[in-house]
């Protein structure tokens, strides 16, 4: 994202009123989070909401597209770390290209990019988790560590992006 587009996005985000009220017709709870995601994402990969994924979780292979340090703080249960900066489609050769796959990151931007790459490589059932791990945590769905223990902390990426994870039961980690 170029610098001007990023600054414009930040201004739009700051103008939006942050609310955690239920927003009908959206895949996320916050109206302002939804507005930001509508602008940030290209919507080139089919999207699934956290509530829908939670109801059929075992039907999917879950791929975490965040960096390893983020994954090590917490991740969705049974997810597979594939990274973003170091993502290589060759590491997915063991996956059936017809498998139902969900990609996620912090808010959905990086996972959408990885989903695009997977679709271009012939994967036919890839979806992006709309709102990603921040919305998952906002919905009080479980987060786990590398030992598969439930945790109440999340790597919030940065203070700018961490504002979208608003579950007060979850500690934000920034390092």
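The values are calculated or read from the model by the stated rules, or taken from the named source; none is laboratory data. This is a predicted model, so every value here is computed, not measured. Methodologically, a virtual Cβ is constructed for each residue, glycine included, from the backbone with ideal geometry; neighbour enumeration extends over all protein chains shown.
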Quiz item: Could you count how many residues in region 41-55 are out of contact with any strand residue (DSSP E or B) (no Cβ under 9 Å at 6 or more places or on another chain) and either more than 24 Å from residue 117 (Cβ to Cβ) or crowded, with 19+ Cβ neighbours inside 10 Å (or both)?
Solution: 3
Exercise. List every residue pair whose Cβ atoms sit under 7 Å apart, with the two residues 6 or more apart in sequence or on different chains, where the first one lies in region 122-140 and is on the phi > 0 side of the Ramachandran plot and surrounded by fewer than 19 Cβ atoms within 10 Å (Cβ to Cβ) and the second, anywhere, is part of a loop (DSSP other than H, G, I, E, B) and modelled with pLDDT of 95 or more.
Key: 122/97; 140/167
Self-check item: So residue 157, is it touching a residue at least 40 places away in the same chain (Cβ under 8 Å), in a loop (DSSP other than H, G, I, E, B) and either within 24 Å of residue 171 (Cα to Cα) or touching a helix residue (DSSP H, G or I) at 6+ places or on another chain (Cβ under 7 Å) (or both)
Solution: yes
Practice problem: Could you list, in sequence order, all residues of region 118-135 that are in contact with a strand residue (DSSP E or B) (Cβ under 9 Å, 6 or more places away or on another chain) and within 14 Å of residue 63 (Cβ to Cβ)? | Solution: 118, 119, 123, 125, 126, 127, 128, 129, 132, 133
Self-check item: Qualifying positions in region 26-40 - closer than 12 Å to residue 132 by Cα and in a loop (DSSP other than H, G, I, E, B)
Solution: 27, 28
Exercise. Could you tell me which of the residues 63, 27 is within 19 Å of the chain's Cα centre (by Cα) and either modelled with pLDDT under 95 or closer than 17 Å to residue 156 by Cβ (or both)?
Key: 27
